[in-house]
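Take a look at the structure set out below.
The values are calculated or read from the model by the stated rules, or taken from the named source; none is laboratory data. None of these values were measured; they are calculated from a predicted model. Reconstructed Cβ throughout: ideal geometry from the backbone, glycine too, with neighbour counts over all protein chains shown. Side chains are part of the model used for accessible areas, which takes the heavy atoms of the whole protein and leaves out ligands, DNA and RNA. Shrake-Rupley method; radii C 1.70, N 1.55, O 1.52, S 1.80 Å.
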Amino acid sequence: MESQLTDKVFKGLESFRIEIPSWGFANTGTRFGKFLQAAAAGNIEEKFSDAGQVHALTGVCPTVALHVLWDFPHGLDSVHEVAALATKYGVRPGSINPNLFQDQIYKHGSFGNPDARSREEALEHSKDSIAIAHGLRSRDISFWFADGSNYPGSANIRQRKKWFEECLRESHQALSAEQRMLVEYKPFEPAFYHTDIADWGMALLMARKAGPQAKVLVDTGLHYLSQNIEQIVAWLLAEDMLGGFHFNDRRYADDDLTLGSIDPYQVFRIFHEILFFEWEEGKRAEIAYMIDQSHNLKGKIEAMIQTVTMAQELFGKASLVDYEQLVAAQKQADIVKAESCLQDAFASDVRPAIRAWRASKGLPENPQEAFRQSGYLERISLERGARNMSNAGSYA
Ligand code: RM4
Ligand code: MN
């Protein structure tokens, strides 16, 4: 690759960091069962240890997304322990995810629940999550709501919208000046008739009503098939309302497949819209890149390294788009030339440049191979195996 292009890839990689989720290291399953892995993390210390490995080998995952219910067994009182573990394993707490969908009180929703007490408890949990984030100096609190209904007529859709607005506004008031509220959306599942925040437009509206520190979070797996996600990204950027991403890939719905495994060109196009925006505006977009995947068959740490590596490749490719040429071609309505700007960048093999960048940072050129050589997986499989394999959860 020409040195000018290598420079572009280096520049892109310098700015690219991606957050990994604590829940990606735990044993998870499908609706039908869990297939256990001996090496899975069973507690917050093990999750930090595994995340620390991914960061040590890739150098680009300095933060870990945490789920309040799963990672803070004593709520706010767990903050010190979590902070100490983060220091011990060389990664920082990242976005804090309230859990407003698992407790029994959320059977009919959280902020949209017709029962006032359930809404109050949801609000309490939301404020606790914000306080936890504050205690850990985490900037982002990511809200995802499972709220919705399964049958026509069973929910007052407009009333629930009002409750959502109220609760989000009140949560927003609890934010400190440097914190942000990210509002995620999902078209369906677990609700199969209506979902309270079902698409980016609803999330945008809710974020606007919540307050100035609220932005939209785009989870790439949570759209209807064939939806143009990069257009959503471009519009949110133009409105200064894009807060961050949950990256994953899918073939059908919320499949949680590893990023780029099905449609790498789509991820490239998303990165392109962001980098093009930054080039035109001459400023960085304040976006949190996060992974939201849990792997039930692939090895968890390997899958995470594979995802991070793929994200770097696609970001590196998007960094190669020649904007001067692109803008000129767009102006002249030269469709083929404009399209080629993207296709040429996408077709470029950036892997040698990425390996060189890693070497320049003292990182292993092939993090996956380095992980396999490290012996870490064998060690944790032995240490955790007996506990993990006897712990077969049943869905029946
Ligand atoms: C949802 C959504 C959220 C995640 C939960 C567990 O589908 O993607 O971000 O926290 O799953
Ligand atoms: Mn998500």
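Can we say LEU5 is part of a helix (DSSP H, G or I) and more than 16 Å from ligand 1 (Cβ to nearest atom)? Considered against the rule, which asks whether it is part of a helix (DSSP H, G or I) and more than 16 Å from ligand 1 (Cβ to nearest atom), LEU5 comes out as yes. Pairs under 6 Å by beta carbon, first residue among the aromatic types (Phe, Trp, Tyr) in the range 291-319, partner assigned to a helix (DSSP H, G or I), six or more apart or different chains? Matching pairs, first to second residue: PHE315/GLY12; PHE315/PHE271.
Among the residues of the range 14-25, the one identified as in contact with a Ser or Thr (Cβ under 8 Å, 6 or more places away or on another chain), assigned to a helix (DSSP H, G or I) and open to solvent by less than 10 Å² (accessible area, probe 1.4 Å) is GLY24.
If the requirement is being modelled with pLDDT of 95 or more, among the aliphatic types (A, V, I, L, M) and not in a helix (DSSP H, G or I), which of these qualifies: LEU363, LEU326, LEU314? Give the derivation first.
Values: LEU326 fails: not in a helix (DSSP H, G or I); LEU314 fails: not in a helix (DSSP H, G or I).
Being modelled with pLDDT of 95 or more, among the aliphatic types (A, V, I, L, M) and not in a helix (DSSP H, G or I) holds for just one of LEU363, LEU326, LEU314, which is LEU363.
Filter the range 171-196 for residues that are out of contact with any helix residue (DSSP H, G or I) (no Cβ under 6 Å at 6 or more places or on another chain) and within 13 Å of ligand 2 (Cβ to nearest atom); which is most open to solvent (accessible area, probe 1.4 Å)? Applying the filter and picking the extreme gives GLU189. The number of residues in the range 329-342 being open to solvent by 40 Å² or more (accessible area, probe 1.4 Å) and either in contact with a helix residue (DSSP H, G or I) (Cβ under 9 Å, 6 or more places away or on another chain) or among the hydroxyl-bearing types (Ser, Thr, Tyr) (or both) comes to 7. Checked against (1) outside any helix (DSSP H, G or I); (2) in contact (Cβ under 8 Å) with a residue 24 or more places away in the chain, ARG251 passes all but condition (2).
Taking the range 26-57 only, how many residues are over 16 Å from GLY299 (Cα atoms), modelled with pLDDT of 95 or more and part of a loop (DSSP other than H, G, I, E, B)? Result for the range 26-57: 1.
Comparison of ASP199, ASP249 shows that the only residue that is of a type in the set (Asp, Glu) and touching a Pro at 6+ places or on another chain (Cβ under 7 Å) is ASP199. Every condition in (1) more than 17 Å from LEU297 (Cα to Cα); (2) touching a Leu at 6+ places or on another chain (Cβ under 9 Å); (3) surrounded by fewer than 22 Cβ atoms within 10 Å (Cβ to Cβ) holds for ASP7 except the one numbered (2). It is to be established whether one or more residues within the range 226-241 are within 14 Å of TYR289 (Cβ to Cβ) and of a type in the set (S, T, N, Q). There is no residue in the range 226-241 that is within 14 Å of TYR289 (Cβ to Cβ) and of a type in the set (S, T, N, Q). Within the range 124-164, the set of residues being away from ligand 1 (no atom under 16 Å from the Cβ), open to solvent by less than 20 Å² (accessible area, probe 1.4 Å) and farther than 25 Å from VAL91 by Cβ comprises SER149, ARG160, PHE164.
Scanning the range 58-104 for residues that are assigned to a loop (DSSP other than H, G, I, E, B), hydrophobic (A, V, I, L, M, F, W, C) and touching a Lys or Arg at 6+ places or on another chain (Cβ under 6 Å) returns a single hit, VAL60. Being in a loop (DSSP other than H, G, I, E, B), away from ligand 2 (no atom under 16 Å from the Cβ) and either more than 30 Å from ALA38 (Cα to Cα) or without any contact (Cβ under 8 Å) to a residue 24 or more places away in the chain (or both): is that true of ARG284 here? Yes; evaluated as a whole, the condition is true for this residue.
Can ALA370 be described as of a type in the set (A, V, I, L, M) and in a helix (DSSP H, G or I)? Yes; evaluated as a whole, the condition is true for this residue.
Cβ-Cβ distances below 8 Å connect the following pairs, each with a first residue in the range 376-396 that is closer than 19 Å to GLY52 by Cβ and among the basic types (Lys, Arg), a second residue that is at pLDDT 90 or above and not in a helix (DSSP H, G or I), and a separation of six or more residues or different chains: ARG384/ALA38; ARG384/ALA39; ARG384/ALA40; ARG384/ALA41; ARG384/GLY42.
State all residues of the range 197-224 that are part of a loop (DSSP other than H, G, I, E, B), within 16 Å of ligand 1 (Cβ to nearest atom) and surrounded by fewer than 24 Cβ atoms within 10 Å (Cβ to Cβ); if no residue qualifies, say none. If you could, list the steps in order and put the result at the bottom.
Step one: list which residues in the range 197-224 are part of a loop (DSSP other than H, G, I, E, B), which gives 197-199, 211-213, 220-224.
Then drop every residue that is not within 16 Å of ligand 1 (Cβ to nearest atom), which leaves 197-199, 220-224.
Once the filter is applied, which keeps residues that are part of a loop (DSSP other than H, G, I, E, B), within 16 Å of ligand 1 (Cβ to nearest atom) and surrounded by fewer than 24 Cβ atoms within 10 Å (Cβ to Cβ), the range 197-224 yields ALA198, ASP199, THR220, GLY221, HIS223, TYR224.
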